[in-house]
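The block underneath contains the structure these notes are about, expressed in structure tokens.
The values are calculated or read from the model by the stated rules, or taken from the named source; none is laboratory data. Every value quoted in this text rests on a predicted model; they were computed, and no experiment measured them. All Cβ positions, glycine included, derive from the backbone under ideal geometry; neighbour counts span all protein chains shown.
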Amino acid sequence: MTTEFVASVQKVQTLADGGIRLTLDLPETAVVQMAELAAYHAHGVAVKVELEAAKTEQDDGGDKGKSSKLKF
């Protein structure tokens, strides 16, 4: 099963035990995807995450649009 949504990275932090925690902000239209993520969490299911910069309305020169030009 694949769950797809556009999100912004709100926070990236390292934990005391060396782990990493990511906080994502999803739009209010992503309720179904949030429910799917909650079900994974409730059942202790690990997920594979692949990231791709999303094209935004601000890609025509706004500051946030710069994120879509990142190369890794």
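Assigned to a loop (DSSP other than H, G, I, E, B) and either out of contact with any Ser or Thr (no Cβ under 9 Å at 6 or more places or on another chain) or hydroxyl-bearing (Ser, Thr, Tyr) (or both) - does that describe any residue in region 35-43? For region 35-43, residues assigned to a loop (DSSP other than H, G, I, E, B) and either out of contact with any Ser or Thr (no Cβ under 9 Å at 6 or more places or on another chain) or hydroxyl-bearing (Ser, Thr, Tyr) (or both): present. Entry remark, region 1-17: residues being among the aliphatic types (A, V, I, L, M) and touching a Ser or Thr at 6+ places or on another chain (Cβ under 9 Å) number 3 in total. All of Ala30, Ala54 fail the test of being surrounded by 11 or more Cβ atoms within 10 Å (Cβ to Cβ), modelled with pLDDT under 95 and of a type in the set (A, V, I, L, M, F, W, C), apart from Ala54. Taken over region 19-38, the criterion of being out of contact with any strand residue (DSSP E or B) (no Cβ under 7 Å at 6 or more places or on another chain) and acidic (Asp, Glu) is satisfied by Glu28, Glu36. Figure legend. Inter-residue proximity from region 19-40: first residues without any contact (Cβ under 8 Å) to a residue 40 or more places away in the chain, second residues loosely packed, with under 11 Cβ neighbours inside 10 Å and of a type in the set (Val, Ile, Thr), beta-carbon distance below 6 Å, spacing 6+ or different chains. Indicated pairs: Ile20/Thr14; Leu22/Val12; Tyr40/Val47.
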